[in-house]
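The values are calculated or read from the model by the stated rules, or taken from the named source; none is laboratory data. Source: prediction; values computed, not measured. When we count neighbours, we look across all protein chains shown, and the Cβ atoms used for this are built from the backbone with ideal geometry, even at glycine.
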Amino acid sequence: MINTILMGSFLYSGGLGRYGSYGSYGSGYLTYLIFLLPAMLLGFWAQMKVKGTFEKYSLIENSRGMTGAQAARMVLDQNGLSYVRIEHISGKLTDHYDPRGQVIRLSRSVYGSTSIGAVGVAAHEAGHAVQHAEGYAPIRIRNKIIPACNIGSRVGPLMIIIGCLMAGSMGRTLIFYGILLFSLVALFQLVTLPVEFDASNRALMAIKDSGIFDNEDYDGAKKVLSAAAMTYVAALVTTLSQMFYYATRYLGVGRRRD
């Protein structure tokens, strides 16, 4: 998402403000920043929040002394998913569940760590495995729209850029359909929200219902997962801000036409 914002900003400064003889470089670029800066700041804050929160609770050991891998295994076994494997993966906060391979991959800071943060993240990924096993509706919907969303994320911005460089009705038509395709990204991000929130809720319920963790463990894990959830909200806000900017600037009523 950050790359998309930077790409749009760079191309806009390269002359997209000339579309339809509307505005100038300075006013156009300033307008773009007015629209996107709040969303970019929200995204930056969310990233710093999740990084800071995880780092804080990665230094605090959970009361049980359980590793992230063991916590994930606990959640999986509680839900009859003994066949789901748990593997180590390189990188930081690269933890994820692979539904095709039916395997949870945990980063070094989570897999063998006995911190509160590690338990929260690992249990969250196990929550995704449970979602897939149960056929959780939002995750099934998300999986079905992924191919279309991938096309929209690639073709949509390109059509918007080409449309901005063209004049007349053809340019406006390309921008319109470009925005329409790019809206699939927002749809994907919107559907992702309940998926992530539900996985976190499942993780926290497992930690609480296990009866082996203290309240401090639960509270710390909740703070880590809540901070992570904000990154998904920020991504959606950024995408909607981009769509609103292009729609109002190039398709809005009152814009000078050729």
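Do you know which residues across the range 28-52 are surrounded by 15 or more Cβ atoms within 10 Å (Cβ to Cβ), modelled with pLDDT under 90 and more than 15 Å from Val237 (Cβ to Cβ)? Hits for the range 28-52 are Gly28, Tyr29, Thr31, Tyr32. Quick one: which residue in Ser200, Ser183 is in a helix (DSSP H, G or I) and more than 18 Å from His128 (Cα to Cα)? Result of the check over Ser200, Ser183: Ser183. Figure legend. Inter-residue proximity from the range 166-193: first residues closer than 16 Å to Tyr246 by Cβ, second residues small (Gly, Ala, Ser) and surrounded by fewer than 17 Cβ atoms within 10 Å (Cβ to Cβ), beta-carbon distance below 7 Å, spacing 6+ or different chains. Indicated pairs: Ile179/Ala247; Leu184/Ala148. If we keep just the residues of the range 203-237 that are buried (at least 16 other Cβ atoms within 10 Å of the Cβ) and in a loop (DSSP other than H, G, I, E, B), which is modelled with the lowest pLDDT? Here the residue is Ser210. Here the range 146-166 is the region considered, the condition is being more than 17 Å from Thr238 (Cβ to Cβ) and touching a helix residue (DSSP H, G or I) at 6+ places or on another chain (Cβ under 6 Å), and the residue that is modelled with the lowest pLDDT is Cys164. Filtering the range 75-110 to residues that are part of a strand (DSSP E or B), of a type in the set (A, V, I, L, M, F, W, C) and within 19 Å of the chain's Cα centre (by Cα) leaves Ile104, Leu106. Taking the range 31-70 on its own, how many of its residues are β-branched (Val, Ile, Thr) and either more than 22 Å from the chain's Cα centre (by Cα) or closer than 15 Å to Tyr245 by Cβ (or both)? The total comes to 4.
Any residue that is surrounded by fewer than 20 Cβ atoms within 10 Å (Cβ to Cβ) and farther than 20 Å from Ile207 by Cβ - is there at least one of those in the range 107-117? Within the range 107-117, one or more residues are surrounded by fewer than 20 Cβ atoms within 10 Å (Cβ to Cβ) and farther than 20 Å from Ile207 by Cβ. Of the candidates Tyr218, Tyr245, Tyr250, the single residue that is free of Cβ contacts under 8 Å to residues at least 40 places away in the same chain and over 16 Å from the mean Cα position of the chain (by Cα) is Tyr218.
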